[in-house]
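Q: I'd like to ask you about the structure that follows.
None of the figures in this text is laboratory data; all of them are computed from the coordinates on show. Bear in mind that the values here come from a model prediction, so they are computed numbers and not experimental data. Ideal geometry is used to build each Cβ from the backbone, glycine not excepted, and the neighbour counts take in all protein chains shown.
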Amino acid sequence: MKFKAFLTQDGVHLLDKRTLFFSQSATISDAHFRKHLACSLLYITINLLSGDGVQSVAQFNKDVLFRDYRISSQNAGRIAFAVDVALLHRALRSALTIQAQARDDTAAIQIKLVKKLPAGSRDPAPFLTFETKGRVSAVVQDVPISKPLPRDDVQQLQSALEAAQDLPQTLVQVQDLAQLQSLVDRLRNVGDLLTVAITRYGDLHLQVSTSLITVGSEFRRLRVLGLRADPPIGDRTLSAPTRTEMAIQKGEGLSVQVSLKHLAKSLQCHLAKPDCAFYGIAPQGACLTVIFQFFIPGTRLTDKSISFYCRLPVLDPGSGP
Amino acid sequence: MSSSAGVGGDAPDLVCQLDCAQGMVDALSSVRWKRHQDAVVEISEHGVVLIVEESGCLQAKVYLKRELFLAYEYTAEGRPRFGLSLGLFVDCLNTFSTPGHAPVIEIRYPGPDMQLLLKTVDSPDACIYAEIRTRIPDTISWDCNFQSTGNVHATFTEAVDDLEWPGSSIQIVLQPDPPSVILRGEGHGDLQVEFPYYANTDLLIAFQCDQHVSYRYKYKFLRATTSHIPNSVLKDNRGSKVTIGRGGMLKIQHLISVKRAGGQHSHGDISGGIQQLSRIAYIEFFVKPEEDESPVNDT
């Protein structure tokens, strides 16, 4: 099993900024580097194998991150392992700092998979090594990783990733993630079970309910991707719960229940400053999907080489068509 | 403002709008001395009164006059009353406001299920709403017929803070000659805080007393009357009015400024008079005195 590549300038900055997405949202997580035969992608995922809690996936096109990319494994060119994201992020940051301090245009950061003998141990262990080589010096950082995942686990990961790509039929765009996060933080004072309803008219409706109080918030006329419909006439005067119920009964909306804690966690990614966020309910109410996109710097075009998404598990099947 | 019909075609008893949610939260928090408290709310054409009490010895009322609201449509007959969790109501109002943004909130009563309905109405494309369950209230056990025997206008809060001996009682003495208020606490030792009338008019602003009056009150109840006034309000506070009524009933009144969003800060126009009055919430506390100890019998 071999892996070796140089990080491009863009790549290292990208990983540095975007890994913030994970280091805030998970204490211990698994990052899986994976080269897919057809398109050479790097996936960093959290919770995809454990099936518990929020699943997060960051997908990068390898050419954005790496040059001189070499990978070989007995697993159809796929390598997956677990790593602590905080350690990974720290190594990236120091490599960046060292590179900047070297003031050396040729200073490059190379990462590779190695086996080394850790201090005080007699068995070699796998590491992801960051080597920052300049003209006069080289700095090496070893990030401990798990043993590369066995074939079965990698296969399971592959299937989970493919399932995760089952896009919801209707997605609504939320413009102000900070505002949504502030709302979610306040709703947590009421309770933890959140009902999320999304309609084809572009409504996003969040509601927390206990036996004594119901608090909810509705955002209307959001931009819709996918299946859309015109709202029925005269629905402006109706209350939010009534409107949502009507949409669901007509088959033009879906509703699921998720944990407010999970939603709050997934929202912490706004630290990575995504340019857009889309919310949708997967077919049959399987999960609540959040997709984050980034623009190519200086444009409003989506950068297709990077994508992040989270899937929030559904706690109780909500009503749906 | 539209008052759309509820279920059954009856208009709700009250539909009102306010834009000073934070001020409302300040006013209501000043009578929240426990995390969970049941309140009784009474609505009328004059405004809203919220009443809380504890163990028959402490009662607080918050008067929110209709002038505090942006709009106030009252169509009920008589004065409907309902029970509500104070904590839930305050927490709910807090959910609506964010720092720097004071939304316009519409409050309606009753909803189809006798709930209290709240909703932000300042944006057509986004809103926050809430429904709070209400209950049939217990009758209020004491409605004091208050006759005053002496009253003072004072910065009461610091005195009560200084006398902190939980578990003990505080004796309040009003005496006409020399005119002064004395608060005395006993515990491990004793402490006396004296406000002579002529000494410092910052502390004791007004004083009226015909006879020597002295009663004891439980410390924890006195504490409840002052310790939950939000700090931001204390700075604006004009001082509290303390009155002892017949039988020793202690009445403490606070005026809490409920600033309107975009309105002037009250410092600027204390002399604003009528304009200013409409932005005040009145808070009243009533504390029953401790029973006199019966004389020791030697049997």
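Q: What does the average come to when, for each residue of peptide A:207-214, you count the partner chain Cβ atoms lying within 10 Å of its Cβ?
A: 5
Q: Could you tell me the center-to-center distance, by alpha carbons, between the stretch B:6-70 and the stretch A:202-222 in angstrom?
A: 24 Å
Q: Straight-line reach from B:Lys241: which lysines have Cα under 27 Å away, leaving out those fewer than 8 places along the same chain?
A: In chain and number order, the partners are B:Lys34, B:Lys61, B:Lys65, B:Lys218, B:Lys220, B:Lys251, B:Lys259, B:Lys288.
Q: Hey, with R₀ at 45 Å, roughly what FRET efficiency would A:Lys304 and A:Arg122 work out to, going by the Cβ-Cβ distance, to 0.05?
A: The pair A:Lys304/A:Arg122 has a calculated efficiency of 0.45.
Q: Another question about this same structure. Show me, for the stretch B:94-105, the HN-Hα J-couplings you get by feeding each phi into the Karplus relation (A = 6.51, B = -1.76, C = 1.60, θ = phi - 60°), rounded to Hz, glycine and proline as x.
A: 5, 5, 6, 9, 10, x, x, 9, 10, x, 8, 10
Q: Once you put a point 7 Å from the Cα of A:Ser182 and another 7 Å from the Cα of A:Val64, both along the Cβ direction, what distance in nm separates them?
A: Each label point lies 7 Å from its Cα, and together they span 3.0 nm.
Q: So, one more: What ³J(HN,Hα) values, in whole Hz, does the Karplus curve 6.51 cos²θ - 1.76 cosθ + 1.60 give for the stretch A:279-290 when θ = phi - 60°, with x put for Gly and Pro?
A: 10, x, 9, 5, x, 6, x, 5, 6, 9, 9, 10
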